[in-house]
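Visitor: Attaching a single structure in structure tokens format; questions to follow.
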Amino acid sequence: FRRTWAGDMDAEVQNQLPAPRPRAWLVMGAAGGFAVARLVGSIAPHWCRQPAAAESKVTLQIPVRRIKAPHPVAGQQRQEHHRRFWKRYTKLAAREGMLFPDEIDIKNEDDVIYYGPIAIGQPPQSFLVVFDTGSANLWIPSVECSNCDSPMEHRKFDGSASSTCEPSSYPVKIQYGTGACSGYLAHDSLHLGNETIPQVAFMEAVSTTAPFPSQHFDGILGLGFSGVASPRGLKTPLQFVSQAYGDQMPQKVFSFRMEEDPGELILGSVDEARYPNGVHWIPVLAQTDPSGQSSYGYWALAIDEVSFGNSGSVVNRAGIVDSGTSCLVIPAADALSFFNSVRQAQASDPRCEALPDITLTLGGQDYVLTGSDYGFQKLGQCQLCVQGSEQSIWILGDVFHRKFPVTYDFGSEPPMIGLPPGTRHSWGFQLLGVLMLVLVAISVLGARLVRRYFLRRAGQRDLQHSQAA
């Protein structure tokens, strides 16, 4: 902006200017603060960037079923962590004379499994796989697998029957939180929806351990990043999709739309109907491996702050957004504070509505889970779908997904997690209030200095007039 300073004015004009009053400066300061607030409010929505659209469009839509069952990747491990945490909490509560914690009813909720059809090879061989955001490998049973069926019989891949299969003798072992499988790396065409992705890396499993032989699905298609692939750095299914169709996708994103059964896994565009007020994008956190290299692994994000009702808050946490986990999973230190708040609330009111809100601040915006969101009323008592964990990271599971639809953006750098806009965190208003107070203080000080200057000038003129007389 071009500014005209007082020094550019004629000296005689300056002398004729009336001295500004402090009240006028206060009004000007308040107006300036309001203008700053309007400016911040007008540009803030643009900080939530949207993925750029391409001219031609390819969107993959794969039918998906959603079932309740212990998750094959880490479900039993999470439940064991919670049992160990609860045992320690019981001892602590008894030592401190708290309400006996067994009166807090924890829902033994099965996890959520999203599975659907894919095909591999030419001609295509069909399989049912779990679409798992917590892993990054694609594997299916091989015809050479001797222990994949117990008691369920699974479809098996026959590489010799595919004209496009590129087998190898490179051994691969995938160790999950619960169970493992091993086999050999291969490449072949992957058929998703109506599209074909050429020569995708996958494992032909020749051996699996529980719980995989007894599952209803055949294999797993991981939707995570290469940092959790086995071997580490192996190109993931999402990278192959991006390589084949990324330029033709409106956005390199995916999401689960499960309002009906079967639902859909949507690859390639944001489901705008679920975001009438736009999308709030939050960057994915990179992880550092033992060698010091940084890469992306899980769909993890920074949690700026967490509060449990009015019992204080904790800051600088990290969380994994995982569609396959049913409940919220909370690190032990935070879980202790949470269950103490629950104990106090249930002492006077057993309803879920009386439980403390869990407020998660993500990307500067608040997302609130009420007691009715994470609790289930049963026989006059509220069961909680919240688990303590020995690990140091939060897991935002299906309890979170049911209230806030999630879109996963794998085409950005960094990758992003999309949520509906939350409410502005209070520190934004506090900062704005402080800014306005500073502007007002500067205005008052400036008014005093200007008034003193003009009074001094007036005194000097009076002295010169009296001396001249």
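Visitor: Can you spot a residue in the range 174-191 that is outside any loop (DSSP other than H, G, I, E, B), out of contact with any Pro (no Cβ under 9 Å at 6 or more places or on another chain), of a type outside the set (Gly, Ala, Ser) and over 24 Å from PHE254 (Cβ atoms)?
Guide: Scanning the range 174-191, I find at least one residue that is outside any loop (DSSP other than H, G, I, E, B), out of contact with any Pro (no Cβ under 9 Å at 6 or more places or on another chain), of a type outside the set (Gly, Ala, Ser) and over 24 Å from PHE254 (Cβ atoms), so the answer is yes.
Visitor: Further question on the same structure: Can you name the residue in the range 139-154 that is among the aliphatic types (A, V, I, L, M) and surrounded by fewer than 22 Cβ atoms within 10 Å (Cβ to Cβ) and, of all such residues, is modelled with the lowest pLDDT?
Guide: MET152
Visitor: Follow-up question, since we're still on this one. Go through the range 175-202 residue by residue and tally those that are under 12 Å from ILE118 (Cβ atoms) and open to solvent by 20 Å² or more (accessible area, probe 1.4 Å).
Guide: Looking only at that region, the number is 4.
Visitor: If only one of ALA229, ALA205, ALA244 is surrounded by 22 or more Cβ atoms within 10 Å (Cβ to Cβ), of a type outside the set (Val, Ile, Thr) and more than 23 Å from ALA300 (Cα to Cα), which one is it?
Guide: ALA205
Visitor: Name every residue in the range 330-374 that is of a type in the set (Gly, Ala, Ser), under 24 Å from ALA302 (Cα atoms) and open to solvent by less than 50 Å² (accessible area, probe 1.4 Å), in order of residue number.
Guide: ALA332, ALA335, SER341, GLY363, GLY364, GLY371
Visitor: In the range 375-398, what residues are outside any strand (DSSP E or B) and either among the small types (Gly, Ala, Ser) or surrounded by 24 or more Cβ atoms within 10 Å (Cβ to Cβ) (or both)?
Guide: GLY380, SER392, GLY397
Visitor: Could you grab me the full set of residues in the range 354-372 that are β-branched (Val, Ile, Thr) and in contact with a Gly (Cβ under 9 Å, 6 or more places away or on another chain)?
Guide: Passing the criteria: ILE358, THR359, THR361, VAL368.
Visitor: Is there a residue in the range 266-281 that is assigned to a strand (DSSP E or B), open to solvent by 30 Å² or more (accessible area, probe 1.4 Å) and in contact (Cβ under 8 Å) with a residue 24 or more places away in the chain?
Guide: No, the range 266-281 has no match at all.
The values are calculated or read from the model by the stated rules, or taken from the named source; none is laboratory data. Nothing here was measured: the structure is a model prediction, and the numbers come from that model. We place every Cβ from the backbone using ideal geometry, glycine too, and count neighbours over all the protein chains shown. The accessibility values were calculated without ligands, DNA or RNA, using every heavy atom of the protein model including side chains. Shrake-Rupley method; radii C 1.70, N 1.55, O 1.52, S 1.80 Å.
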